[in-house]
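The values are calculated or read from the model by the stated rules, or taken from the named source; none is laboratory data. Just so you know, these numbers come straight off a predicted model, no measurement behind them. Neighbour counts are summed over all protein chains in view; Cβ atoms, including those assigned to glycine, are modelled from backbone coordinates with ideal geometry. Side chains are part of the model used for accessible areas, which takes the heavy atoms of the whole protein and leaves out ligands, DNA and RNA. Shrake-Rupley method; radii C 1.70, N 1.55, O 1.52, S 1.80 Å.
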Amino acid sequence: MSSFIFNIETLAKELGLDHLPLDKQEEFLGRLEKIISSRINVAVLEKLSDEEQAHFIDLVDTQKETEALNYIKTKISDLPEMIKKISATTLDEFLSLTNKEENI
């Protein structure tokens, strides 16, 4: 899990998934990571002009991930905070849904 600050065991425990086999934890957390990544991508694109979006997408499409990340860092000064906020919000939403299901 490249973009999570947590290791898989810690995150699985925090999300109440530690009872699952490790392969299932990894599968679930991989899906969660994709959701968070999608939300981050949307937020990034919303902050860019059309021209900046085109340039960023071109870098990603040509597999220049390092250049794309550096480009975004120059365009979005609060990128680390934005990523943390989106990640935390998504995890909180998941925990809230999980808690609601347990109380039904």
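Using 0.36 nm per residue, how much length does the chain from Glu67 to Glu93 gain when fully extended, once their Cα-Cα distance is taken away?
Using 0.36 nm per residue and subtracting the Cα-Cα distance, I get 6.2 nm.
Take Thr74 and Lys13, extend 7 Å from each Cα along the Cα→Cβ direction, and tell me the distance between the two endpoints in nm.
Rounded to a tenth, the inter-label distance reads 4.3 nm.
Show Glu26, Glu46 ordered by accessible area, largest first, where the area counts protein heavy atoms only and the probe is 1.4 Å.
Ranked from most to least accessible, the order is Glu46, Glu26.
What is the spin-label model distance, in nm, from Lys34 to Leu22 if the labels are put 7 Å beyond Cα along the C-beta direction?
Each label point is offset 7 Å from its Cα along the Cβ direction, giving 2.3 nm.
Take the Cα radius of gyration of the range 9-104 and divide it by 2.2 N^0.38 Å, with N its residue count; two decimals is plenty.
Relative to the rule-of-thumb radius for its length, the range 9-104 sits at 1.32.
Given the pairs Lys47/Lys84; Lys64/Lys84; Lys24/Lys84; Lys47/Lys75; Lys34/Lys73, which span a C-alpha to C-alpha distance of over 18 angstrom in this model?
Check vs 18 Å cut-off fails for Lys64/Lys84; Lys24/Lys84; Lys34/Lys73.
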